[in-house]
Amino acid sequence: MQKKIKLKAMFTAVFVVCAMLSGCLGNKPDTSQSQAKETLYLFNSKGENAQQFKKMCDDFTAETGIPTSPFSVGSGQDALEPLRTQMNSKNPPAIFSMQGLKELPEWKEGGRVLDLSTVQDAEFKAIVDSIPDSMKLSADGKESYGIPFNVEGYGYMVDKQMLNDLFGEENGQKILDELKTCSYDDFTAFCLAVTDYINTSAAQPVILNGNSYSFNTQKTGLAQKLNGVFAFAGAEKWTYGDHLINVAMNAVFPDSRSAENTTAAQVDELKTPFVAYAKGLDFVSSHAAGLKAAAKRGSDLISQANFGYDQSIQMYADSNALFLQQGNWAYSNISKVNDEVARRSVFIPVKLPFTKDMIKTGKSVEDINSSIPVYVPNYYTINAKASETAQKQAMQFLVWLYKPENVQKYIVDSFESIPFNADESINIKNSLSVSILEYMEKDKILGAPYHGAPNIWSSEVVGKEIMEKYLVKENWSESDYEAISSFAVDQWKQMKNIK
């Protein structure tokens, strides 16, 4: 599947200056051979593209003669601790990727991040200047500490063929369209009906947006493989501690900068959205699929061997589960298991039981439940403590990477990602990325305020609490919802030292 990207203004013209410069780059004499060279060390936080990242670095070396040594974390692995280790090693990276505002304070205080707005090199400055204000890695909007790694989005991915096999070829696309816009109540009723169909081969018709749809009378095709509704990675705190809670945070904060500069009163406004978050997580984790049979909450659900990132990908790619909450970064790993499933997969929004009074951003309940988070997840940052030669080589690498032909070759074709500077010249083939672009074109997007929360709060504090105290419990109560919400709010205020 191919699609010529037609994005909104923040993407369509963002790279004009750099595109013009690229012609100059191609005709400019290569002076790098006469300069002293060091090995360029790079830290890549996206383990999903480790092999492709190394190939890109090898190509850069072959073209420029500058030796490179990339380090990539494992797939689904939190990158912060490995990055700290690399920073304290004999050869710290000159280029490293950082997860936005939540990680910026640590490296800024340590003098590790170069303010790119101060760089005078014309070719590199053109890239920095082309970054839209909404995408800048900056707490105040003035300084700029990173080049966007890419643009990502996430939601519940679903295989279109699975919907065809559940409801008939004539209804599959209709069901998909309904799931994109339906209410939380419609969605949970739909999931309960699918569970009944899995367990009994019979279920009542589902009602979505007032329209009725019936299951196929007999299980056929992929529907025969289903054993649960959600592929749930219980061992991966970031899936529910970062990404799911981020949806709830959009009820109060539209972006990471607003969350970064919050008051105690605004944090308190998260209490009711966090109750909705807990209720939604209760529903998902109690309707989970497994590798061989439906899963149950308990110690096994948080086992890395059975419910880690790789296992959740396997469940979805093997059609054991209907939905997988992941982002377009997972496309290549799904493709490795089952390329056909990957090519048929699209996003529907992650839905939570919001009410109108919870939302403080001007959006409606319908807006949030029909939108997906789309944001810059990571940034390429230059180590301010690297030698002058290494910093210049880092800039040369990024100028090389953001040539239009290399954006297409590496970021789009190799990494299966959406470049921040995409324009109509870029061809996107990845079905999940195409799905994200469709939400963007309709302005059905949410932000990433969790990047502005205190560092490690969402995953290592809230996520750890949920993993250790709740995912091992068979049943949750209203008091559990309230306890989860209070814990999340109180920890935020303590970590930010606000009252």
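Read-outs throughout are calculated quantities, based only on the coordinates presented, and are distinct from any laboratory measurement. This is a predicted model, so every value here is computed, not measured. Backbone-built Cβ (ideal geometry, glycine too); neighbour counts: all protein chains shown.
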Would you mind ranking Trp329, Trp400 so that the residue whose beta carbon has the fewest other beta carbons within 10 Å leads the list?
Trp400, Trp329
A correct Karplus calculation of ³J(HN,Hα) over the range 309-321, with 6.51 cos²θ - 1.76 cosθ + 1.60, θ = phi - 60°, whole Hz and x for Gly and Pro, returns 4, 4, 5, 5, 4, 4, 4, 5, 5, 8, 6, 6, 10
The farthest towards the positive end of the charge dipole of the chain, of the residues Ser312, Ile368, Pro92, given +1 on Cβ of Lys and Arg and -1 on Cβ of Asp and Glu, is Pro92
Residues of the range 429-467 with amide nitrogen under 20 Å from the 7 Å Cα-to-Cβ point of Glu143?
451-456
Ile207 and Asp133 label points (each 7 Å along its Cα→Cβ direction) are spaced in nm at 4.7
Using alpha carbon centroids, what distance separates the range 352-390 and the range 471-496, in Å?
22
Ranked on Cβ counts within 10 Å of their own Cβ, fewest leading, Met98, Met135 go Met135, Met98
At 0.890 mPa s and 25 °C, plugging the Kirkwood radius over alpha-carbon pairs of the chain into Stokes-Einstein gives what diffusion coefficient in µm²/s?
105
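Which GluC sites (Glu not before Pro) does the range 108-172 hold that lie in a coil by DSSP with at most 11 other beta carbons within 10 Å?
Glu169, Glu170
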For the chain, give me the percentage of DSSP beta bridges that are antiparallel, rounded to the nearest 5 percent.
65
With θ set to phi - 60°, apply the Karplus curve 6.51 cos²θ - 1.76 cosθ + 1.60 along the range 408-424 and write out the HN-Hα couplings as whole Hz, x wherever there is a Gly or Pro.
5, 5, 9, 5, 8, 6, 8, 7, 6, 10, 9, x, 5, 9, 4, 9, 5
Can you tell me the dipole magnitude for the chain around its Cα centre, using point charges on the Cβ only (Lys, Arg +1; Asp, Glu -1), in Debye to the nearest 20?
360
May I ask which of Lys237/Lys469; Lys55/Lys160; Lys55/Lys442; Lys271/Lys473; Lys444/Lys493 have a Cα-Cα span longer than 24 Å here?
Lys55/Lys160; Lys55/Lys442; Lys444/Lys493
Fully extended, how many nm does the chain gain between Ala265 and Glu468 (0.36 nm per residue separation, minus their Cα-Cα distance)?
70.2 nm
Of Ile456, Ile372, Ile498, Ile95, how do they rank once you tally other Cβ atoms within 10 Å and put the fewest first?
Ile498, Ile456, Ile372, Ile95
Leu192 to Asp58: extension gain in nm, 0.36 nm per residue of separation minus the Cα-Cα distance?
43.2 nm
Cross-link partners among aspartates and glutamates for Lys499, C-alpha distance below 16 Å, same-chain residues fewer than 8 apart left out?
Glu260, Asp268, Glu269, Asp490
Report, in debye and to the nearest 20, how large the dipole of the range 61-166 comes out about its Cα centre when Lys and Arg carry +1 and Asp and Glu carry -1 on their Cβ.
220
Report the Cα centroid-to-centroid distance between the range 118-160 and the range 165-234 in angstrom, as an integer.
38
Distance between modelled label sites at Asp121 and Gln173, nm, 7 Å Cα→Cβ extension:
4.8
